[in-house]
Amino acid sequence: MNSADRPRSAGVSRLSVFLLELIIVIVFFAMASAVLLQVFAKADQLSDRAENLSCAAAAATDAAEGQRILSPEEIETRRYYYDENWEPLAEGSGPPSFYAEAAPEFSVGEAGTLVSFTITVRQIGESRKDADQIPLYTLQTKKYYSGKYPQSDGTQEKEEVQ
Amino acid sequence: MNRKLNMSFGTGAPVILLVFVVLCLTVLASLSLMTALSDFRLTEKSTDYTAAYYAADSAAEAWLAEVDAGLSRGTLPESVTASFPVTDRQALQVTISVTDGRLRLLEEKLTAVEVWDYDEHLPQFSDVIVE
């Protein structure tokens, strides 16, 4: 090696070390990013689940109270629809993303009727098929009516409690 | 006097930068995961409480049905007040009245199961508060 070549060779060697280091840093950064991205995705998923669960519980409570204030003759299986932001939807006003279904079950006793409501909140999947609906929250509640329901002649034997 | 200004990264600088960036991202990712997890746990607690409240309310309605059935047979209820536990510390208290064999729901309220004992946690400090 002559004296004219030495600085150039040292420069090239330094540059190649720097480039090699840069490649290692990029590879390591890519690996770390892949792991950290998964952590961020998991946090986002958990946050979405928490939001859906909270809104589903609110929707179930709304449906339960909506059913409980009805007179026993008006009680039937009802569905309350919500859009993707959990805003209530009127029927046919747009594609729903969630719905709360309140299903009553009448149990006629000696003096009155105990109505058990099962409220199930579900998320509607992309395919809009029944099998693609994810249950989010289920709430059970009861309401007692003094009188026997449902009655075929539409009469009421006793006044409702309260 | 014709000096060239040499501005370049030395060997090892990208590694230091990488360590710093990865460390920052790790802290941020951990914090966001912890926040999301605590949010989810809080939501679960809240929904569990809602379910517990409605379970107590259902028990109260079943009790009303039982009392009304008893009244139709001419049996007066043992008590006009009943309590249904919601949590370890809360209960749903229902009060009824029976007039002329008819049942009337007077009150339905959440009450504390235990009365707070104010003497249990006396101030432990000896500071004198000057008015």
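The values are calculated or read from the model by the stated rules, or taken from the named source; none is laboratory data. Only a predicted model underlies this, so the values are computations on that prediction, with no experimental measurement involved. Methodologically, a virtual Cβ is constructed for each residue, glycine included, from the backbone with ideal geometry; neighbour enumeration extends over all protein chains shown. All accessible areas refer to the heavy atoms of the entire protein, side chains included, with ligands and DNA or RNA removed. Shrake-Rupley method; radii C 1.70, N 1.55, O 1.52, S 1.80 Å.
The table below lists the values:
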| read-out | value |
| --- | --- |
| Close pairs from region B:24-47: first free of Cβ contacts under 8 Å to residues at least 12 places away in the same chain, partner among the aromatic types (Phe, Trp, Tyr) and surrounded by 13 or more Cβ atoms within 10 Å (Cβ to Cβ), Cβ under 6 Å, at least 6 apart | B:Ala29/A:Phe40 |
| Region B:25-80: number of residues that are part of a helix (DSSP H, G or I) and farther than 30 Å from A:Gln38 by Cα | 24 |
| Filter result (open to solvent by 10 Å² or more (accessible area, probe 1.4 Å) and either within 8 Å of chain B (Cβ to nearest Cβ) or outside any helix (DSSP H, G or I) (or both)) within region A:58-72 | A:Thr61, A:Ile69, A:Leu70, A:Ser71 |
| Breaking point among (1) modelled with pLDDT of 95 or more; (2) part of a helix (DSSP H, G or I); (3) open to solvent by 30 Å² or more (accessible area, probe 1.4 Å), for B:Leu17 | (1) |
